[in-house]
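One structure is given below, encoded as structure tokens.
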Amino acid sequence: MQKVLTTWLSQQCQILPGAVHAVLLTGPLDEGPYEQAIYWPDDEHDQTSLDRVAQAALRSKQAVIKTRNSTIEETGEPLDAIACPLFLDNKLFGVFAVQMSNCSQPMQQAAIRQIQTGAIWLETMTVLQGTIAKDQLINLVDLVATGLENEHFRVAATEVANELTSRFSCQRVSLGFIHHNRIRIEAISHTQKIDRQANLTRALRDAMNEAVDQSSAMIYPLETGPSALVTQMHAKLVDQQQGSAICTIPLIRDGKAIGALLLERGIDEPFSRTTVEQCQQIGLLIGPVLENRRREERPLPAKIYASLRGWFAKLLGPNHLPLKVSVTLSIGLALWLSLAGAMFHVSSDSFLEAGICRAVVAPQQGFIASSAVRAGDLVEKGDLLATLDDRDLLLEQRKWRSQRAQLLKEYRQALAGYDRAEVAILKAKRTQAEAQLQLVEQQLQRTTLVAPFSGLVTSGDLSQSLGSPVERGEVLFEVAPTDTYRVVLKVDDRDIGLLTRGQQGQLKLSGLPNQTIGIKVERLTPVATSSEGRNYFRVEAIMDSQSDLMRPGMEGVAKIVIGEEKLLWILSRRLVEWFRMFTWNRLP
């Protein structure tokens, strides 16, 4: 068994591209410890990193990939470590770990699949070791490796046929696989091009079909007397070849025939039962390997057809009850969705906006003296909001009052002296001083900012800006009434075509989740805005009722009623719209 494991390990490492070091750990089934180690290419390399990955795969009982797990000391090239557990009769048998050149994730997955396929071969050979000599097992491994050395199926099948011709001293070996329920010759030893219309090819195909139809290995001429097996096509092939010995072995996978292996010798070298048994064991291993390679090389339409055919075979054939129940329920659900109707709504994020918003601005340049309210406070009409510093204005007021008094005194003296020219001049100066005084008094009155009406202060906080300068016209506060709101909907541009003025809907606010509010679309704004990578249209709606708990800026979700539609259309409309845009964008 040690020689078989060593040969298997060597073949796996030669098949895997970029393999540098590998280890195979085995032990008692499902018990361990798994300490029997075989190294490739030798055990002189430091295997610490490989052992860690192998132990991780043993603990998880799953494949493990460690990208850039180590490097080559000489070149510094990064190495990936891959480990796969090995099972025998669903019991843990050991683990295979390999270090290989760093590669992409698809290449790593392909390597894991290759190791898992090789594990199946190893399991089969382990089961057969009681009835087949070790040298024969090694030959089986060599044949499987021969079938995997080439990437193309036909080349690999031809090389396997050539190898079998040499090992069993045959004149010709042919391989055929089932295609559309009939055998098709895929490889003939030492033949590069196969003429499927040739008489020889047809005779080989008919003989293979004869063996596959009877699900039995066939030898012709028969070693004993009459047999229950029909050998008409084999006899025809022998007559066409002017005498030869034939052995035909059906290739089986998962209990089903996938093809046939036909070996030909001279009439003086008939096939013995021992040789037939060896060929059957070879067919058990090499048949599934080559069939997998053939299936991988099929064109995409053929793969799709085969997949659908297999799926329908499971669905309409015996067994597979869970699949049938799932498909039945899915069809029933699809029919119900296509026939049942429901009310279709357009949902969108929304928020409350005050119906009226009055800005309180700075009437003149100055400095903030005090602040009585800030955002969130409720105020009544005429309540004090803030005051501006009036010290400079008071000084200006005193200045003009003093100047007015001085001019009044001089004016009276001019009247007493009957100086008409001076009286006219002083009268004009007094009028100018009174006008300046009135202007200052008006500015003093404007230093007190009051609420224009009762409502809520929605913005403005001057408590942290006392003493700061303000410019004329600068917005200090915004006040909104608490009894007039409108709902603003952010409707996706894919849904804006479904909305019209007057449609009804419902609104739920995050702050009032237990209250459903009726709304009515009032206005559609034909201007899109971008937010969070999507385009939205502003749609305004009015509410049927309002609450004292509502505040401007509260957010929620609004649903506008469009009409009754089929459930299938409601659930799939987004996907259909995306597909239409995708095809429109990709088509020339």
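Values quoted throughout were computed directly from the atomic coordinates according to the rules given, and no laboratory measurement underlies them. All values derive from a computational prediction rather than experimental measurement. Glycine gets a Cβ as well: all are built from the backbone with ideal geometry, and neighbour counts include every protein chain shown.
Quote the convex hull volume per residue of the range 337-378, based on C-alpha atoms, as a whole number of Å³.
It comes to 156 Å³ per residue, whole-number rounded.
Taking one equal scatterer on every alpha-carbon of the chain, how large is log10 of I(q)/I(0) by Debye at q = 0.05, 0.09, 0.10, 0.13 1/Å?
-0.55, -0.93, -1.01, -1.28
Check cross-link reach from LYS559 to the lysines: straight Cα distance under 24 Å, and skip same-chain residues fewer than eight apart.
Answer for LYS559, where 24 Å is the Cα cut-off: LYS490, LYS508, LYS520, listed by chain and number.
Nearest 0.05, what FRET efficiency do ARG573 and GLN105 give at R0 = 35 Å with Cβ-Cβ as r?
With a Förster radius of 35 Å, E is 0.45.
For the range 550-556, in order, what is each residue's ³J(HN,Hα) by Karplus, 6.51 cos²θ - 1.76 cosθ + 1.60 with θ = phi - 60°, in whole Hz (x at glycine and Pro)?
For the range 550-556, the Karplus-derived couplings read 6, 9, x, x, 5, 10, x Hz, x marking Gly and Pro.
Could you pull out every one of the lysines with an alpha carbon less than 25 Å from that of LYS399, ignoring same-chain neighbours closer than 8 positions?
Counting by Cα, and skipping residues close in sequence, LYS399 has these lysines nearby: LYS409, LYS427, LYS429.
What is the range 352-414's relative contact order, in percent, from Cα pairs under 8 angstrom and six or more apart in sequence?
28 percent
Straight distance only, please: which lysines reach the Cα of LYS256 with their own Cα at less than 29 Å, same-chain residues fewer than 8 apart left out?
The reachable lysines, counting only those whose Cα sits under 29 Å from LYS256, are LYS91, LYS134, LYS193, LYS236, LYS303, LYS314, LYS324.
How high is the FRET efficiency between ASN585 and VAL230 when r is their beta carbon distance and R₀ equals 51 Å, given to the nearest 0.05? All intermediate terms of the calculation are to be shown ahead of the outcome.
On the way: r = 61 Å, r/R0 = 1.20.
Taking R0 as 51 Å, the efficiency between ASN585 and VAL230 is 0.25.
Ranked highest first by average number of other Cβ atoms within 10 Å, how do 446-452, 208-214, 582-588 line up? Don't skip to the end; give the middle numbers.
Working: 446-452: 17.1, 208-214: 21.4, 582-588: 7.0.
So the peptides 446-452, 208-214, 582-588, ranked by packing, come out 208-214, 446-452, 582-588.
Which three extents, in angstrom, do the Cα atoms of the range 1-97 have along their principal axes, listed largest first?
41, 28, 22
Along the Cα→Cβ direction, 7 angstrom out, place labels at ASP51 and ASP349. What is the inter-label distance in nm?
Modelled inter-label distance: 5.7 nm.
Report, in whole Å, the centroid distance computed from the Cα atoms of the range 298-376 and the range 8-29.
49 Å
Please state the shape class of the range 311-367: rounded when a/c is under 1.5, otherwise prolate if a/b exceeds b/c and oblate if not, all from the C-alpha gyration tensor.
Cα axes put the range 311-367 in the prolate bin.
Could you sort 520-528, 396-404 so that the peptide with the highest average Cβ count within 10 Å comes first and the rest follow in order?
396-404, 520-528
How much FRET efficiency would the formula 1/(1 + (r/R0)^6) give for HIS152 and LYS520, where r is the Cβ-Cβ distance and R0 is 56 Å, rounded to 0.05?
Approximately 0.20, to the nearest 0.05.
Provide the three semi-axes, in whole Å and in decreasing order, of the ellipsoid equivalent to the range 316-467 as defined by the square roots of 5 times the Cα gyration tensor eigenvalues.
Working through the eigenvalues yields semi-axes of 82, 17, 11 Å.
So, in nm, how far is label LYS566 from label GLN365 when the simple model puts each one 7 Å beyond its Cα toward the Cβ?
Distance between the two pseudo-spin positions: 7.3 nm.
For the range 230-361, what number results from the quotient of the Cα radius of gyration and 2.2 N^0.38 Å?
Taking N as the residue count of the range 230-361, the ratio is 2.30.
Output the peptides 453-466, 308-321 sorted from most to least packed, where packing is the average of other Cβ atoms within 10 Å over each peptide's residues.
Per-residue Cβ counts within 10 Å, averaged per peptide and sorted highest first, yield 453-466, 308-321.
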